[in-house]
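Q: Below you'll find the structure I mean.
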Number of protein chains: 2
Amino acid sequence: MTAPSQTLPFTLLIDPLPADSPRGHFGDTFREVDWTAPALRVGELSAQRGDGVFETLGVVDGHPQAVAAHLARLATSAAICELPAPNEVQWRAAIAYAVERLPEQGEIVLKLVYSRGVDSGPAPTAWLHATAAPDFGTVRASGIRAVTLNRGYPHGVAEQTPWLLMGAKTLSYAVNMAALREAHRRGADDAIFLTHDGFVLEGPTSTVVLRAGGVFVSPAPSGAILHGTTQQSVFEHLQAAGERTEYRDVTADELRAADAVWLLSSVRLAVHVIELDGRPFPAVPELTRAFNAALLARTS
Amino acid sequence: MTAPSQTLPFTLLIDPLPADSPRGHFGDTFREVDWTAPALRVGELSAQRGDGVFETLGVVDGHPQAVAAHLARLATSAAICELPAPNEVQWRAAIAYAVERLPEQGEIVLKLVYSRGVDSGPAPTAWLHATAAPDFGTVRASGIRAVTLNRGYPHGVAEQTPWLLMGAKTLSYAVNMAALREAHRRGADDAIFLTHDGFVLEGPTSTVVLRAGGVFVSPAPSGAILHGTTQQSVFEHLQAAGERTEYRDVTADELRAADAVWLLSSVRLAVHVIELDGRPFPAVPELTRAFNAALLARTS
């Protein structure tokens, strides 16, 4: 067994096998590379066209979080983008291979990338890249300021237009990054996308959950909304505590009238909104604390 | 002077200088690399998030085409994406450096990529990648089958939502590629995007021009439509021949009722539509021939 590298960033190139490969050992399909060295060709369609899919998962004290949910979504994203189905067993093995070599304590970001490969090339390319998570302790306690931004699409369009890939977590993420810059320009920390006709979608890198009338609500995953892995964990936690949870359409007006709003994501975890579109917003920090305690205690 | 490499692909990594750099010689900012070797780090935001901008230009018998228009659009795209302004003189020098080393005959695709750089890195990264153009002789003569696809956005939304980056040619091109796959699935060769409410936008990799009532019309460049470099050359050609050209809103019904429709792009150049949404479409192949003769004769 290789000694843990204990250093970050850590990069693993993966030679992706077909989903139906009968192999059970994958060691020779993994190659550790120095993260500062070039590893991708300029012909990479990830780099040329944002053509591929990804997942970002957290590793907490040696436990990769919500692996099954992330790999299920990776497979969904790949199917929407008509990429070959990823080999789940190989990806699980890659995550395990990495985790064995990562620091055993602390919070780590594990990014899985599955690209269409090199232009005119024979096969997808794949890699895993681990970095130290930023310290989100403060923001988990103090909350964030959010702004709503129009995502341009009317409600229900994504379901009629699968080529817009709204249900896939693709590498074409420039709009998500631009939305965060717009939020910062408006003096906020994060954004919540609305449809053109005023329904709540999701954050550029997060899932929205609100509490209204004693029920915890998340906009229904759909052609336009990714099913949040962290939101699923929070709903499980709430259900176990006897709380009511619901997926349904949420209007911007309902968002603004909610008792509390959270943005959930894999590494920052749960943060509550303390300001929405420039106005103070009610929050329940003790619930955020409970969500994060539950999330950080996950061992799978 | 270096001997021409005369081989393709040809890759040049560029160390991008600020736009206001006073330098006049750029040789030490260019580095030729073997296109089969890794050249990019996995931390590249181009590969991780499609976060960057690009241009694709044609080189015909040693003449790079419409360089000024492409570099102007690269600068516009960079501004929309809040990237540092590209150094136009350096990019011109990079193109010249490459062209000196490329085969002197034939049609070549020159792709310019300007990425936000490595995650948390200090500066953008840039490269130029030259490949042999596919043989488009047949399709220029025979035309293409096109389908209209809903781009999801209502008319006029892009102008209100600059964070959707619709006016920038970004590396987040997965939707454009998915639209081409959808066109192929429908038995066509290419797509024409419409707004959700039925206005003509552009092709995934081309500009639309139609002839209606004796006037050559292209949908007005806007927050949602890139200004086509090849379309600009064709309009100049038409104006020089005394024809009327116009930019204006075009509805899907007007598109379907047109005398003829062309898709214009930098490397395939002009192709006429012979089938639209499964129905035979009128074409004027002799005009396509004239357009392509004029385009191929450009020396700048």
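The values are calculated or read from the model by the stated rules, or taken from the named source; none is laboratory data. Here the structure is a predicted model, which is why all the values come from computation and not from measurement. Here the Cβ is made from the backbone with ideal geometry for all residues, glycine too, and neighbour counts use every protein chain on show.
Q: Tally time: how many residues in the stretch B:261-273 are of a type in the set (A, V, I, L, M, F, W, C) and under 17 Å from B:F193 (Cα atoms)? I'd like the intermediate steps shown before the answer.
A: Within the stretch B:261-273, the first condition is being of a type in the set (A, V, I, L, M, F, W, C), and the residues that meet it are B:261-264, B:267, B:269-271, B:273.
Next, only the ones that are under 17 Å from B:F193 (Cα atoms) stay: B:261-264, B:271, B:273.
So the answer is 6.
Q: Here is a check on your reading of the model: is B:Y153 over 26 Å from B:N292 (Cα atoms), buried (at least 22 other Cβ atoms within 10 Å of the Cβ) and not polar (S, T, N, Q)?
A: Numbers: over 26 Å from B:N292 (Cα atoms): yes; buried (at least 22 other Cβ atoms within 10 Å of the Cβ): yes; not polar (S, T, N, Q): yes.
Spelling it out, B:Y153 is indeed over 26 Å from B:N292 (Cα atoms), buried (at least 22 other Cβ atoms within 10 Å of the Cβ) and not polar (S, T, N, Q).
Q: Kindly provide the set of residues from the stretch A:46-61 that are in a strand (DSSP E or B) and away from chain B (no Cβ under 14 Å), ordered by number. Even if it seems obvious, please write down each step before you answer.
A: Filtering the stretch A:46-61 down to residues in a strand (DSSP E or B) leaves A:52-60.
Correct list: A:L57, A:G58, A:V59, A:V60.
Q: Next up: Here are some conditions: (1) in contact with a Pro (Cβ under 9 Å, 6 or more places away or on another chain); (2) modelled with pLDDT of 95 or more; (3) hydrophobic (A, V, I, L, M, F, W, C). B:F54 meets all but one. Which one does it not meet?
A: Every condition holds for B:F54 apart from (1).
Q: Provide a single number: the residues in the stretch B:98-127 that are more than 14 Å from chain A (Cβ to nearest Cβ) and in a strand (DSSP E or B). Please lay out each step first, then the result.
A: At the first step, the residues of the stretch B:98-127 found to be more than 14 Å from chain A (Cβ to nearest Cβ) are B:99-108, B:123.
Those still in the list that are in a strand (DSSP E or B) too: B:107-108.
The qualifying residues number 2.
Q: Of the residues that sit in the stretch A:268-300 and are under 20 Å from A:T131 (Cα atoms) and in a helix (DSSP H, G or I), which one is nearest to the chain's Cα centre (by Cα)?
A: The residue in question is A:L295.
Q: Something else: Tell me, please, whether a residue that is within 12 Å of another protein chain (Cβ to nearest Cβ), more than 28 Å from B:D249 (Cα to Cα) and not in a strand (DSSP E or B) can be found in the stretch B:128-138. Give the derivation first.
A: As a first pass, look at the stretch B:128-138 and keep what is within 12 Å of another protein chain (Cβ to nearest Cβ): B:128-132, B:134.
Those still in the list that are more than 28 Å from B:D249 (Cα to Cα) too: B:128-132, B:134.
The next check asks that each one be not in a strand (DSSP E or B); those that pass are B:134.
The answer is yes; a qualifying residue exists.
Q: Among the residues of the stretch B:143-152, is there at least one that is on the phi > 0 side of the Ramachandran plot, small (G, A, S), in contact with a Phe, Trp or Tyr (Cβ under 8 Å, 6 or more places away or on another chain) and within 13 Å of chain A (Cβ to nearest Cβ)? Spell out the reasoning first.
A: Our first condition is that a residue be on the phi > 0 side of the Ramachandran plot; within the stretch B:143-152, this holds for B:143, B:152.
Keeping just the survivors that are small (G, A, S) gives B:143, B:152.
Next cut, in contact with a Phe, Trp or Tyr (Cβ under 8 Å, 6 or more places away or on another chain) only: B:152.
This time we only want the ones that are within 13 Å of chain A (Cβ to nearest Cβ), so: B:152.
Yes: one or more hits.
Q: So is A:G62 surrounded by fewer than 22 Cβ atoms within 10 Å (Cβ to Cβ), at pLDDT below 95 and assigned by TED's automatic domain parsing to the domain that holds A:V109 or not? Lay out the reasoning, then the answer.
A: Values: surrounded by fewer than 22 Cβ atoms within 10 Å (Cβ to Cβ): yes; at pLDDT below 95: no; assigned by TED's automatic domain parsing to the domain that holds A:V109: yes.
So A:G62 fails the test.
Q: Related question: Scan the stretch A:16-39 and report the pairs whose first residue is polar (S, T, N, Q) and whose second residue is part of a loop (DSSP other than H, G, I, E, B) and surrounded by 11 or more Cβ atoms within 10 Å (Cβ to Cβ), with Cβ atoms within less than 8 Å and a gap of 6+ or a chain change.
A: Taking only residues 6 or more apart or on different chains, the pairs are A:S21/A:N87; A:T29/A:D15; A:T29/A:P16; A:T29/A:L17; A:T36/B:R41.
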